[in-house]
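A.B. asks: Sharing a structure with you now.
The values are calculated or read from the model by the stated rules, or taken from the named source; none is laboratory data. What you see is a predicted model, and the numbers here were worked out from it, not measured in a lab. Don't worry about glycine lacking a Cβ; one is built from the backbone with ideal geometry, like all the others, and counts go over all protein chains shown.
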């Protein structure tokens, strides 16, 4: 992860990840990769927030199931920071469909279905900026150095 621009991205460990007890395992994968957790919140998403989060999917046939799932219980919202964090996280979580997600990815190893696929991650710098603002305020972020930053 020594190459690339320093980026910040949103990751949601969705209600199925929380309910199935995978928060620690998923967090550990990101930390082992050298990504820094700069903000975190346990959130019960309400329908209005779900509508804003999934705005680009409104009107699509699968939209109601997205909203139902993300509002079905608490999720852990994370702001992760690191070199090329957006693409690194997307590679680590794997394809949306767990049946086609590569082994070794979060979804390939642990997810059950397209809807219950454990995690959401921003897919571009613009999406990351928009999505992070839905879950965090400026004062929610924390700056610190990891002890391994000289190695990653």
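A.B. asks: Looking at (1) in a helix (DSSP H, G or I); (2) buried (at least 20 other Cβ atoms within 10 Å of the Cβ); (3) touching a helix residue (DSSP H, G or I) at 6+ places or on another chain (Cβ under 7 Å), which is the one condition that is false for residue 134?
C.D. replies: For residue 134, the failing item is (2).
A.B. asks: When you go through (1) assigned by TED's automatic domain parsing to the domain that holds residue 123; (2) under 26 Å from residue 137 (Cβ atoms); (3) buried (at least 19 other Cβ atoms within 10 Å of the Cβ) one by one for residue 94, which number turns out not to apply?
C.D. replies: (2)
A.B. asks: Kindly indicate which of 49, 12 is part of a strand (DSSP E or B) and surrounded by 14 or more Cβ atoms within 10 Å (Cβ to Cβ).
C.D. replies: Exactly one of 49, 12 is part of a strand (DSSP E or B) and surrounded by 14 or more Cβ atoms within 10 Å (Cβ to Cβ), namely 12.
A.B. asks: Still on this model: Inside the stretch 54-65, can you point out the residues that are in contact with a helix residue (DSSP H, G or I) (Cβ under 6 Å, 6 or more places away or on another chain) and either in a loop (DSSP other than H, G, I, E, B) or buried (at least 17 other Cβ atoms within 10 Å of the Cβ) (or both)?
C.D. replies: 54
A.B. asks: How many residues does the stretch 107-131 hold that are surrounded by 11 or more Cβ atoms within 10 Å (Cβ to Cβ) and assigned to a helix (DSSP H, G or I)?
C.D. replies: Qualifying residue count for the region: 10.
A.B. asks: Continuing with the same structure: Of all residues in the stretch 15-41, how many are part of a loop (DSSP other than H, G, I, E, B) and either under 11 Å from residue 76 (Cβ atoms) or out of contact with any strand residue (DSSP E or B) (no Cβ under 7 Å at 6 or more places or on another chain) (or both)?
C.D. replies: Of the residues in that region, 4 qualify.
A.B. asks: Sort out which residues of the stretch 66-76 are farther than 17 Å from residue 36 by Cβ and not in a helix (DSSP H, G or I), and write them in order of number.
C.D. replies: Across the stretch 66-76, the qualifying residues are 71, 72, 73, 74, 75.
A.B. asks: How about the stretch 77-106: which of its residues are assigned to a helix (DSSP H, G or I) and in contact with a strand residue (DSSP E or B) (Cβ under 7 Å, 6 or more places away or on another chain)?
C.D. replies: Residues satisfying the conditions are 85, 86, 88, 89, 90, 93, 106.
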